[in-house]
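Reading through the structure tokens given below for one structure.
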Amino acid sequence: MALIKTETLDLVEFVGIHKILQARYVVLEKEDGVVVSENYKRLSFNPSDDISILPAELQAQATENWTPEVIANYTQAVAS
């Protein structure tokens, strides 16, 4: 009996005026090919975050959505 845990990117959203990136992963645990547990894990990233740590598919979406104007507006909002 082998227990295998997998995490798969399930949903990507950019939320609000500052386009906060939310990524949802589905976490499956399978025993002998049968799903015994299914959960979700969410991560969020701000426009000022270092995107080099993100998976390539999220980096591309962050680059597309986080324009210099969005980053500047977010940075200004955090500073005030």
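Listed by first and then second residue, the pairs with beta-carbon distance under 8 Å, at least 6 apart or on different chains, first residue in the range 57-78 and in contact (Cβ under 8 Å) with a residue 40 or more places away in the chain, second surrounded by 11 or more Cβ atoms within 10 Å (Cβ to Cβ) and part of a helix (DSSP H, G or I), are LEU58/ILE51; ALA62/ILE51; TRP66/ILE51.
Scanning the range 1-60 for residues that are polar (S, T, N, Q), within 25 Å of ALA72 (Cα to Cα) and touching a strand residue (DSSP E or B) at 6+ places or on another chain (Cβ under 7 Å) turns up GLN22, SER44, ASN46.
Values quoted throughout were computed directly from the atomic coordinates according to the rules given, and no laboratory measurement underlies them. These figures come from a predicted structure and were not determined experimentally. Cβ atoms come from the backbone with ideal geometry, glycine included; neighbour counts cover every protein chain shown.
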